[in-house]
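Report on the structure given below.
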Amino acid sequence: MHESVAIALVNTDKILLQHRDNNPQIFSPNVWCLPSGSVEGTETPRECAIRECFEETGYKLKNPIWYACHQELFYGRWIKRFFFVEEYDHVQPIHCYEGQEMRFMPVNKLPSLNLYKNEGNFVKAAINAYYKYDT
């Protein structure tokens, strides 16, 4: 089964989202989603989360916490998505190296966004997981 990760970078009541390119040749064009990517070779999902976050945003995760796993049918094949959460450090800049833009979005704005399927549920779970582990 193909494995992928998604990274929820939390900034108080906001979460970093990627606005995917509006190119009909890519999977899920023009939607908002968590920064994500595929596990490669022998890397662990956690290693993948650190790599993908850096590749897409230039942000180096320090201690991503696994908070959910979900299996879904994605364009005809089953994938397992691992979700990680970490608090934004307010020091490292966020860049957009993939997609149209990266933006910290208020969680209460999620219903008005064109989100990737089920992404809103995982964003809310990330906020809950962050506050659970932030003790």
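The values are calculated or read from the model by the stated rules, or taken from the named source; none is laboratory data. Small disclaimer: the values here were computed from a predicted structure and weren't measured. For neighbour counting, all protein chains shown are included, and Cβ atoms are generated from backbone atoms with ideal geometry for every residue, glycine included.
General remarks:
- The one condition in (1) modelled with pLDDT under 90; (2) within 14 Å of Pro35 (Cα to Cα) that Ala129 fails to fulfil: (2)
- Which listed residue is aliphatic (A, V, I, L, M) and over 18 Å from Ala129 (Cβ atoms), from Ile15, Ile94, Ile65, Ile50: Ile94
- Answer residue from the stretch 10-33, given it is part of a loop (DSSP other than H, G, I, E, B) and in contact with a strand residue (DSSP E or B) (Cβ under 7 Å, 6 or more places away or on another chain) and is nearest to Glu87 (Cα to Cα) among those: Asp13
For every residue, the table says whether it meets (1) under 14 Å from the mean Cα position of the chain (by Cα); (2) under 15 Å from Ala6 (Cβ atoms); (3) modelled with pLDDT of 95 or more.
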{"residue": "Cys48", "(1), (2), (3)": "yes, yes, yes"}
{"residue": "Arg51", "(1), (2), (3)": "yes, yes, yes"}
{"residue": "Trp66", "(1), (2), (3)": "yes, yes, no"}
{"residue": "Leu73", "(1), (2), (3)": "no, no, no"}
{"residue": "Trp78", "(1), (2), (3)": "no, no, no"}
{"residue": "Asp89", "(1), (2), (3)": "no, no, yes"}
{"residue": "Gln92", "(1), (2), (3)": "no, no, yes"}
{"residue": "Glu101", "(1), (2), (3)": "yes, no, yes"}
{"residue": "Val123", "(1), (2), (3)": "yes, yes, no"}
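- Qualifying residue in the stretch 11-27 (condition: modelled with pLDDT under 95 and of a type in the set (Ser, Thr, Tyr)): yes
- Under the condition of being buried (at least 17 other Cβ atoms within 10 Å of the Cβ) and over 13 Å from the mean Cα position of the chain (by Cα), the residues counted in the stretch 15-29 number 0.
- Filtered residues of the stretch 30-52 (kept if free of Cβ contacts under 8 Å to residues at least 12 places away in the same chain and either farther than 20 Å from Glu98 by Cα or surrounded by 12 or more Cβ atoms within 10 Å (Cβ to Cβ) (or both)): Gly41, Thr42, Glu43, Thr44, Glu47
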